[in-house]
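The values are calculated or read from the model by the stated rules, or taken from the named source; none is laboratory data. All values reported here derive from a predicted model rather than from experimental measurement. No Cβ is skipped: glycine too gets one built from the backbone with ideal geometry, and neighbour counts run over all protein chains shown. For accessibility, only protein heavy atoms count, side chains too; no ligands or nucleic acids. Shrake-Rupley method; radii C 1.70, N 1.55, O 1.52, S 1.80 Å.
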Amino acid sequence: MSSPTLTPDALIPSLLASAESLAPQVIAWRRHLHRHPELSFEEHATAQYVYDVLVALPGLELSRPTATSVVARLRGALPGRTIAVRADMDALPIHEENDTPYRSTKPGVMHACGHDGHTSILLGLATVLAAARDRLHGEVRFIFQHAEELSPGGADALVDAGVMDGVDDVIGLHLWSSMPVGHIGLVAGPAMAAPDTFQCTITGRGGHAALPHDTIDPIAIGAQVVSALQQIVSRQVDPLEPAVLSVTQFIAGTAFNVIPNSAYLSGTVRTFDATLRRQIPERMDRLIRGICDGFGATCEFTYELGYRPVVNDAALTARLADLVSRTFGEHVLTPLRPVMGGEDFSAYQQRAPGVFAFVGAGNVARGITAAHHHPRFDIDEASLDVGLRYLVAATVELLGG
Ligand code: NI
């Protein structure tokens, strides 16, 4: 028995109805994962949970490219394109302060970025599409990625393992608590910054606080370094080019009457432009060395490149924006400005055109407003249904027909 070939426009409404009826299950998955968070590279129980859900679905070919990731392939009955859809699964070293029935059961570990939701949404997508295999064109690759939160991230390892081989387009999403639930945000072009990190140890000469002339004070020098670094973005970068340089740690000293030997600084730099990304560490190095030299101190400066910036394919973004407006209504589509946070979704975009979407998860009326990575972070679970329906529509649209 063969099913009639359906165009995406005909298939999407019936699959959206299946997605909607799956909403309680998606919430149940999310609550289980939220109760049992695991840190980056340690997602053993999470990956097993995902595997166990997937293995019960019809027609999926499962693999475990790394110890804590899972990839499922669904080959549709009809010829077509190959679309990869990615979710991240890791939690953060944060102690949850919410008092919900599904709060974290692990002290000091919490899904404070919504990755529990991403994983559940992708399980929902696999469930909906696996049941429709006989009507699907092409292949869908479901990538359950480990370790988004911790450099070097999990995405590069999965790309190296071949998960993007033969993929035509890749999509993913992030639940976003600063955007109201019910909205979907798409940014064409640069969407998330390259998050680089730096460390600097300034070594002077410690001594008695009352005899500063006998010391080389690394705190006073470090203060000059922090001030001078602020001038890079404000005075040396084109004001129309996004860049952030934040010093986030300044550690020195043990007592009020002792000038310490050394001071430790660290922080992060966020950029989109490749040239600027190369220039900023050169300028930092020159400035830090110059200041330390001038005061007779020495310094050790290290700079580590983080993920590449997330750059959404312009044509693909326009196509999905149009799809969102047509399928869910124009009011759902929310134009967004790029954000300076980073994401290793960018690794997949090196191999195929990709779009990373933001799905509103905040709800001011219900008090769901905490920022990502905050101990009171939560999502409005209605966002799971929005995210799932978005991925169902987008995947089927991109598979073609
Ligand atoms: Ni995140």
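Of the conditions (1) at positive phi; (2) out of contact with any helix residue (DSSP H, G or I) (no Cβ under 9 Å at 6 or more places or on another chain), GLY138 fails just one. Which one is it?
(2)
Taking the residues in segment 241-287 that are of a type in the set (Lys, Arg) and more than 22 Å from the chain's Cα centre (by Cα) as candidates, determine which candidate is least open to solvent (accessible area, probe 1.4 Å).
Start the filter on segment 241-287 by keeping residues that are of a type in the set (Lys, Arg), which leaves 270, 277-278, 283, 286.
Applying the additional criterion that residues be more than 22 Å from the chain's Cα centre (by Cα) yields 278, 283, 286.
Details: ARG278: 140, ARG283: 58, ARG286: 160 Å².
In this case the residue turns out to be ARG283.
Residues are listed down the side, and each one gets a yes or a no for (1) assigned by TED's automatic domain parsing to the domain that holds LEU391; (2) open to solvent by less than 40 Å² (accessible area, probe 1.4 Å):
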| position | (1), (2) |
| --- | --- |
| ARG289 | no, no |
| GLY296 | no, no |
| ASP322 | yes, no |
| ARG326 | yes, no |
| GLY329 | yes, yes |
| PRO335 | yes, no |
| MET340 | yes, no |
| SER346 | yes, yes |
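So ASP214 passes all but one of these: (1) touching a Gly at 6+ places or on another chain (Cβ under 7 Å); (2) of a type in the set (Asp, Glu); (3) in contact (Cβ under 8 Å) with a residue 40 or more places away in the chain. Which condition number does it fail?
(3)
Name the residue that is farthest from ASP134 (Cα to Cα), counting only residues in segment 11-66 that are in a helix (DSSP H, G or I) and in contact with a strand residue (DSSP E or B) (Cβ under 8 Å, 6 or more places away or on another chain).
Taking segment 11-66 and keeping what is in a helix (DSSP H, G or I), we get 11-21, 23-35, 44-55.
Still in the running and in contact with a strand residue (DSSP E or B) (Cβ under 8 Å, 6 or more places away or on another chain): 47, 50-51, 54-55.
Numbers: ALA47: 27, VAL50: 23, TYR51: 22, LEU54: 18, VAL55: 18 Å.
Applying the filter and picking the extreme gives ALA47.
Rundown of residues vs (1) assigned to a loop (DSSP other than H, G, I, E, B); (2) within 16 Å of the ligand (Cβ to nearest atom), yes/no style:
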site	(1), (2)
THR82	no, no
ALA87	no, yes
HIS95	yes, no
ASP99	yes, no
THR105	yes, no
CYS113	yes, yes
THR119	no, yes
LEU122	no, yes
LEU125	no, no
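Quick grid of which residues meet (1) within 16 Å of the ligand (Cβ to nearest atom); (2) touching a Pro at 6+ places or on another chain (Cβ under 9 Å); (3) open to solvent by 10 Å² or more (accessible area, probe 1.4 Å):
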position	(1), (2), (3)
SER151	yes, yes, yes
ALA161	no, yes, yes
VAL170	no, yes, no
TRP176	yes, no, yes
VAL181	no, no, yes
ILE184	no, no, no
ALA193	yes, yes, no
GLY204	no, yes, yes
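Just the residues that are farther than 22 Å from ASP165 by Cβ and in contact with a helix residue (DSSP H, G or I) (Cβ under 8 Å, 6 or more places away or on another chain), please, taken from segment 70-99. Even if it seems obvious, please write down each step before you answer.
Taking segment 70-99 as the starting set, the residues that turn out to be farther than 22 Å from ASP165 by Cβ are 90-99.
Once the filter is applied, which keeps residues that are farther than 22 Å from ASP165 by Cβ and in contact with a helix residue (DSSP H, G or I) (Cβ under 8 Å, 6 or more places away or on another chain), segment 70-99 yields ASP90, ALA91.
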